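The values are calculated or read from the model by the stated rules, or taken from the named source; none is laboratory data. In this text the structure is predicted, and so the values were computed from the model without any measurement. Here the Cβ positions follow ideal geometry from the backbone for every residue, glycine too, while neighbour counts run over all protein chains shown. Quick note on the areas: whole protein, heavy atoms, side chains included, nothing else; ligands and nucleic acids left out. Shrake-Rupley method; radii C 1.70, N 1.55, O 1.52, S 1.80 Å.
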Amino acid sequence: MTTNAYNELNKFTEFYKKYLPVNTFPWIVLSLAAIAQFFAWFGGRYPFPKANLYKRIFYLWCIAFIEFGILIPGIGASTEILGYSESYLAIIFHAFQLVVFFVLNKLTLKSEFNKKHMVSFILMFLSVMIVAQAK
């Protein structure tokens with residue numbers, strides 16, 4: 001199904017193709033959106049430690065705006081232009097969210113991983129590999 005956004009989404013992917021292989025598009029775009037989401041949801045006290053609550057909310061919504069500015073065209077172009085299914089993209093994005101959370105949580109919040117985290121990480125990786133075969 002072609003939408004009114006098709007031409008803009010096509011320009012987005014054509015620009016991407018100039019620099020990277022197009023088959024990496026959903027992976028890179030969803031990874032960037034997941035990173036922005038981590039900081040929008042969990043990062044408030046680190047980049048803005050002196051901001052009061054309302055300023056912090058405003059700043060985090062600005063980061064969330066960046067996340068959606070990456071995520072919405074990325075999903076739209078991946079489905080409409082590249083032919084990926086929404087189910088595939090949803091699983092990949094949620095997996096990226098968890099990976100980004102594990103990594104950035106370790107780096108910024110200094111939280112320790114336990115055995116449950118490692119088992120869940122392995123199971124998540126396996127589920128992504130299963131879905132990746134189905135595109």
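Being more than 21 Å from VAL128 (Cβ to Cβ) and within 10 Å of the chain's Cα centre (by Cα), is that true of even one residue in the range 45-61? Within the range 45-61, not a single residue is more than 21 Å from VAL128 (Cβ to Cβ) and within 10 Å of the chain's Cα centre (by Cα).
For the range 15-33, give me each residue that is within 23 Å of MET129 (Cβ to Cβ) and either open to solvent by 30 Å² or more (accessible area, probe 1.4 Å) or modelled with pLDDT under 90 (or both). Walk me through it before giving the result.
Restricting attention to the range 15-33, the residues satisfying the condition of being within 23 Å of MET129 (Cβ to Cβ) are 20-33.
Within the range 15-33, LEU20, PRO21, VAL22, ASN23, THR24, TRP27, ILE28, SER31, LEU32 qualify.
Residues that are open to solvent by less than 90 Å² (accessible area, probe 1.4 Å) and of a type in the set (Val, Ile, Thr) within the range 38-68 comprise ILE57, ILE63, listed in sequence order. Being part of a helix (DSSP H, G or I) and either of a type in the set (Asp, Glu) or under 25 Å from ALA95 (Cα atoms) (or both) is a description that applies to PHE38.
Checking the conditions here, which among LYS110, LYS135, LYS106 is among the basic types (Lys, Arg), at pLDDT below 85 and at negative phi? Break it down into steps so the answer makes sense when it comes.
Numbers: LYS110 fails: at negative phi; LYS135 fails: at negative phi.
From the options LYS110, LYS135, LYS106, the qualifying one is LYS106.
Conditions (1) surrounded by 12 or more Cβ atoms within 10 Å (Cβ to Cβ); (2) among the β-branched types (Val, Ile, Thr); (3) free of Cβ contacts under 8 Å to residues at least 12 places away in the same chain, marked per residue:
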site	(1), (2), (3)
ILE70	yes, yes, no
ILE91	yes, yes, no
GLN97	yes, no, no
ILE122	no, yes, yes
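In this entry, SER87 is excluded by the filter for residues that are touching a Pro at 6+ places or on another chain (Cβ under 7 Å), over 16 Å from GLN37 (Cα atoms) and of a type in the set (S, T, N, Q). Out of LEU82, LEU32, one residue alone is under 12 Å from the mean Cα position of the chain (by Cα) and closer than 30 Å to TYR6 by Cα. It is LEU32.
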